[in-house]
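K.L.:
Dumping the structure here so I can ask a few things about it.
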Amino acid sequence: MPNNPERPRRVSIAPEGPLLVEGPVEVVDDEGVVHVSRRFQVAICTCRRSRTFPWCDTSHRRRVEPAEAGNTAADRSENGADRP
């Protein structure tokens, strides 16, 4: 897909997230495979955790562990959540 010289592609950098690119786009991965998207905007994975790489599937988002969220049995006991 040729770029239009009159209007450059816009790329936005999302902090701790993907690159947002105005489409349509072609992405060439490190193995030389060309991935094509005709969408008006695409999110390109920068963390390589995506199951749909090179497209972002939000795998970069931090997963909260139950212990961090205060959901352990010890936390509930300390807070009185498991008392009758």
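K.L.:
I want to confirm something. Restricting to segment 8-28 and keeping residues that are open to solvent by 100 Å² or more (accessible area, probe 1.4 Å) and under 18 Å from Phe53 (Cα atoms), which single residue is modelled with the highest pLDDT?
P.N.:
Residue satisfying both the conditions and the ranking: Ile13.
Okay, residues lined up against (1) at pLDDT below 85; (2) open to solvent by less than 50 Å² (accessible area, probe 1.4 Å); (3) not in a loop (DSSP other than H, G, I, E, B):
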residue	(1), (2), (3)
Met1	yes, no, no
Glu6	yes, no, no
Asp30	no, no, no
Arg63	yes, no, no
Ala67	yes, no, no
Gly70	yes, yes, no
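K.L.:
Which one is least open to solvent (accessible area, probe 1.4 Å) among residues in segment 32-57 that are assigned to a strand (DSSP E or B) and of a type in the set (A, V, I, L, M)?
P.N.:
Restricting to residues being assigned to a strand (DSSP E or B) and of a type in the set (A, V, I, L, M), the top hit is Val42.
The values are calculated or read from the model by the stated rules, or taken from the named source; none is laboratory data. Remember, predicted model here, so these are calculated numbers, not experimental data. Note: areas computed on protein heavy atoms with side chains; ligands, DNA, RNA excluded. Shrake-Rupley method; radii C 1.70, N 1.55, O 1.52, S 1.80 Å.
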